[in-house]
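Working notes, beginning with the structure itself.
Read-outs throughout are calculated quantities, based only on the coordinates presented, and are distinct from any laboratory measurement. Bear in mind the structure is a predicted one, so any value in this text is a computation, not a measurement. No Cβ is skipped: glycine too gets one built from the backbone with ideal geometry, and neighbour counts run over all protein chains shown.
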Amino acid sequence: MQLRVEDLSLAFGGVRALDRVHLAVDPGEIVSVIGPNGAGKTSFVNCISGFYRPHEGRIRFGDHDITRWPPHRIAALGIGRAFQNVELFGGLTVLENLTLGRHRHLGYGLLSALAYYGPARRGEARARRDVEAVIDFMELEPYRHRPVATLPYGVRKRVELARALALEPSLLLLDEPMAGMAVEEKEDIARFILEANAERGIGIVLIEHDLQAVMDLSHRVYVLNFGQVIAAGRPQEVASNPAVVEAYLGREMETLA
Amino acid sequence: MSLDPALLGLTLPQILARRAREWGDGRAALREKDLGIWRETGWARFEQLARWTGMGFRALGLAPGEKVAVLADNIPEWFYTELGVQAVGGIVVGVYASSVPREIAYGLAATDAVYVVAEDQEQVDKLLEVRAEIPGVRRVVFEDPRGLAGYRSDPWLLGFEELLELGRREDEGQPGAFERLRDAGRPDDVALFCFSSGTTDLPKPVMLTHRNLVTMGYRFTETEGFRPGDDYLSFLPLAWMGEQMMAVATGLVAGFTVNCPEALETAEHDRREIGPHLMFSPPRVWESYARHIRVKVDDSTPLKRGFFRLGLAVGHRVADRRLRGEAVPWPLRLLELFFRVTLYRLVQDRLGFLRLRKAYTAGAALGPDVFRFFHALGINLKQGYGQTESGGIFCFHRDGDIRFDTVGVPYAGTEVRISGEGEVLVRGASVGKGYYRREDATAALFDDGWLRTGDAGYLEPDGHLVIIDRLADVMRTGAGVVFSPQFIENKLKFSHFVREAVVFGDGLPFIAALVNIDPETVGKWAEDRKLTYTTYADLSQKAPVGRLLLEEVERVNAGLKPEHRIRRVALLYKLLDADDEELTRTGKVRRKLVAERYEPLFRALYDGSPEVPVKARYQYQDGRVAEVELNVTIWTVGGATAEGEGNGLPAAARR
């Protein structure tokens, strides 16, 4: 399914966080959103996943107009999200956190869950199998039964991504999945993103500050500055766009181009 | 069930066929944890998969006598490949999965491998990197297709599933062909190439026949009473002779179930789930368990620490008496029973040793302290001795006849004698054929039909073999003091603050050491004392850390003869690593190379300087090289000289 965002605007009091932002993600595409701190990247993702309600504009996902839908309905539609600051249940194990991520696929009610019989039993077994597939995919086997709070930061970020994948999304919103990581950990995450995209055909919206990673991974890049899209296109085009270089990237971009 | 001597005249695939016929799928041959669940493969299914793998390679064009290399962790496909290839007359070569591309290229070229089974994208990438250097390799078969979608257009690569399918069709198309090939196998055909450990030289491929492997497995099983259905966890590299001998040779002969861990990092957890009946590991694994237990104990409450110490003291007393063959008086026995229930069994459970009947260490010398430690905890740890060239171990302790200083007694049919120069020589059906394509080295390896082990040792009157050290490694200081560096290194490594130690002194005025601190335990020690540090190099050069390690060295010195004591020591600013060739793939130190690479440090150990500036070079994984300048302190150990004061501050501790 494809994502279409048109003329999206969001204001906090007098501050215009987003100003007529547009963006399109085709099925199976990796699209990055970059920009300096405070450019509105996270606000933008919050609008798509339903945490913020935009004041103007439309967000379409496939045949649905999901503008101002509540977050759980958006998730049920197949838009998964990994947060910048790890948002997991610290006291639960990796396995439990991931199973929770599959909530929308557990199609049984409270009563059968209490009895743990029939659909609930079958559903749980199926959920475990699917979660194990994600654990295998994200190479989390050593941590399966460890409470998330006891894990190192890099691993928690991986669990965060795994939790979003457990939802079986058709579109994944990744908010700085590599922030604060060492080179090797970044390489791992990059590999997971590419594999999720290539093997599962998941479309990805990536927010990331590591420009090298963005340039290597993305099919297309959008540049936000003060809530406005100042450039969009293939990585090389964006990197050589004088407005982008001038506006905020400075010398770092020149070396990449 | 008693062991059938007819097995001694069979090849490994012939034994597998017999197991499949006798037991069918009623008994598990292999078990692998996949997607969180232990999945079993019965003997008949094992035979079938090995058959399809073997016939698959045949369909690709494998001729008898050609070599197939395996570059994978311990996965069932390793076993299918090994037995399948051997059945159709091929030879299997194990390559360490942790090898860097250059080492792989060397290994494949040195063995003339024509096919390679690679586990996953990581291994395939390494092979692609050195593709130009291995023109002899016709195809690469990969097990895990993940991440390889983009490589599918390359005709060099083939999926394991496709190989099996190819083999199935080949097998069905020519009924009886596989059986004819398998039954044509003779015990004296070469079955396996295992690389020698290569502490002194580049690793050389050792040729081992079916007879070598089966004899070893048979004698071991016969003496030690392994039973069909026993569980064994295979977590050490199958490219290592020790693992080959346990998981493949002994496994087939004894008929036990080989369990493959989910991932290398989960082996500890998986072991607890499996609860193996037997364990076989080199000393470094046992050392790490001992260190692990000690760290956990140090981390607990004072009450628990005290209880552990008490229990260990009782365990030591009981173990010492038992091992000397003395009776244990009943009050002590009562105490032991108490601690068995309240302590030993609990520790064993943590390690997954509750069902453990037999535990072995081989590959290098295990420090007596570690040995005693495990016996005190009620774990029946025994030492074995052998080398790749002799087809695995041929000497080991028997139950009730365990002595820390010996490696036990040879098994039936193997003769051991000591040469004029004090070298241990061995002869028997398990001794291999020598090195592949290295006639010169092979000629030097044998002395009139006896295999030269290269180890200095002697036989005790009661038949126990005692190993002193590598013949080439026994050293003599400038003052003529003869010593074994390995012995001193093992003493040092018993400290849980020491990861690795390299002792020098050959032709030099005194004995000195370079020490690698253990980053985890020392790091924790530093944190507990609010000592901040950044990198390993920084931590290693903190004065309090130096003093801590100095105390450890002094403790070791106290247990050594005065002339064997370490006089000067420095802490290395980088962990010795197999990737940098400082250690062998099996974790043994390459002493000469370390001395050359850390030449300024080595020199400073002997010229009396209190500290020496060095330039440390680091190569990151992405290829960048960073250079850091730092000063390394050389510590002079108090109490090392006869007139020194044991507790005095060292001369160099003035930073």
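Things to note:
- For B:L30, the residues whose amide H sits under 5 Å from its own are B:T41, B:V258, ignoring neighbours fewer than 5 places away on the same chain, with H placed 1.01 Å from N.
- HN-Hα J in Hz across region A:130-142 - Karplus 6.51, -1.76, 1.60, θ = phi - 60°, x for Gly and Pro: 5, 5, 4, 5, 5, 4, 5, 4, 8, 6, 9, 3, x
- Charge tally for A:W69 (other residues, Cβ to Cβ under 13 Å; Lys, Arg +1; Asp, Glu -1): +4.
- Evaluated at q = 0.13, 0.24, 0.25, 0.29 Å⁻¹: base-10 log I(q)/I(0), Debye formula over Cα of region B:3-46: -0.35, -0.80, -0.84, -0.96
- Residue order, fewest to most beta carbons within 10 Å, for B:L549, B:L166: B:L166, B:L549
- Label-to-label distance, nm, for residues given as A:R73 and B:E172 (7 Å Cα→Cβ offset): 5.3
- Measuring between their Cα centroids, region A:18-84 and region B:599-614 lie 62 Å from each other.
- Taking only the C-alpha atoms of region A:1-66, the Rg (one decimal) and the largest Cα-Cα distance, Dmax (whole number), read 11.7, 37 Å.
- In sequence order, region A:112-129 has phi-based couplings of 5, 5, 5, 7, 6, 9, x, x, 5, 5, 5, x, 5, 5, 5, 4, 4, 4 Hz under the Karplus curve 6.51 cos²θ - 1.76 cosθ + 1.60, θ = phi - 60°, and Gly or Pro positions carry x.
- Residue by residue along A:130-136, Cβ atoms of other protein chains within 10 Å of the local Cβ number 3 on average.
- Rg/Rh, computed from the Cα trace of the protein assembly as shown with Rh as the Kirkwood radius, has the value 1.00.
- A Cα-only calculation for region B:1-104 places Rg and Dmax at 15.1, 47 Å.
- Overall dimensions of region A:64-180 by Cα: Rg and Dmax, Å: 14.7, 45
- Rounded to 0.05, the FRET efficiency of the A:H64 and B:L630 pair, given R0 = 60 Å and the Cβ-Cβ distance, is 0.50.
- Normalised by residue count, region A:109-257 yields a Cα convex hull volume of 150 Å³ per residue.
- Chain B: calculated mean residue ellipticity at 222 nm from DSSP helix runs of at least 4, using -39500 (n - 2.57): -11000 deg cm²/dmol
- Inverse mean reciprocal Cα-Cα distance (Kirkwood Rh) of region A:166-250, Å: 13.9
- The protein assembly as shown - share of DSSP beta bridges that are antiparallel (%, nearest 5): 60
- Shape category assigned to region B:480-549 from the gyration tensor of Cα positions, a/c cut at 1.5: prolate
- Two-site FRET efficiency, A:Q2 against B:E129, from Cβ-Cβ distance with R₀ of 41 Å, rounded to 0.05: 0.60
- For region B:463-521: span of alpha carbons on each principal axis (Å, largest first): 37, 37, 14
- Kirkwood radius, chain A, all distinct C-alpha pairs, inverse of mean reciprocal distance: 19.1 Å.
- Two-decimal Rg/Rh across chain B, once Rg and the Kirkwood Rh are taken from alpha-carbon atoms: 0.97
- Stokes-Einstein translational diffusion, region B:296-441 - Kirkwood Rh over all Cα pairs, 0.692 mPa s, 37 °C, in µm²/s: 185
- Backbone HN-Hα couplings from phi across region B:461-475 [Karplus 6.51/-1.76/1.60, Hz, Gly and Pro as x]: x, 8, x, 5, 9, 10, 9, 8, 4, 4, 3, 6, 9, 5, 10
- Percentage of interatomic Cα-Cα distances in region A:57-119 larger than 14 Å: 70
- Annotation for B:E165 and B:R324: the two label points, set 7 Å from Cα along the Cα-Cβ direction, are 6.9 nm apart.
- For region B:60-157: rounded, prolate or oblate by the Cα gyration tensor [a/c cutoff 1.5]: rounded
- Global geometry of region B:129-201, whether rounded, prolate or oblate, following the gyration tensor of its Cα atoms and the 1.5 cut on a/c: oblate
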